[in-house]
């Protein structure tokens, strides 16, 4: 997922160099902010059943790590997934565009939480609609 983000960010003109003291963070604040937004957009676009826990992600990464060579390729996605990804990313970027720049990271977390809550409410409504008996 990070390699796909970095490929997108480089095409968009962002610096994707990471910090030496914290390799999980980007050196440039704007790139780090977009990375957080990217993750939120991808998480927002998934169904709750499709989300993986951190342990599941690590297990998958460990399996894939042995099979991968030195080069990592950007995963190929089909056209439908690309459309959904872009739509969700645009929705999230629009939500962040209205934020105050002084408290950007706090605002990002608020938006992420509200997106998660909205997605959870939406999935609960679907479950309730399915479980209602037909009259």
- Rank these for me by crowding, 5, 29, going from fewest to most other beta carbons within 10 Å. 29, 5
- Message: Give me 38, 8 sorted ascending by neighbouring Cβ count inside 10 Å, so fewest comes first.
- Response: 8, 38
- Query: How would you rank 127, 92, 111, going from fewest to most other Cβ atoms within 10 Å of each one's own Cβ?
  - Reply: 127, 111, 92
- Can you tell me how much longer the chain between residue 42 and residue 105 gets when fully stretched, taken as 0.36 nm per residue apart minus their C-alpha distance, in nm with one decimal? 20.9 nm
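Values quoted throughout were computed directly from the atomic coordinates according to the rules given, and no laboratory measurement underlies them. Bear in mind the structure is a predicted one, so any value in this text is a computation, not a measurement. A quick note on method: Cβ atoms are made from the backbone with ideal geometry, for glycine too, and the neighbour counts reach across all protein chains shown.
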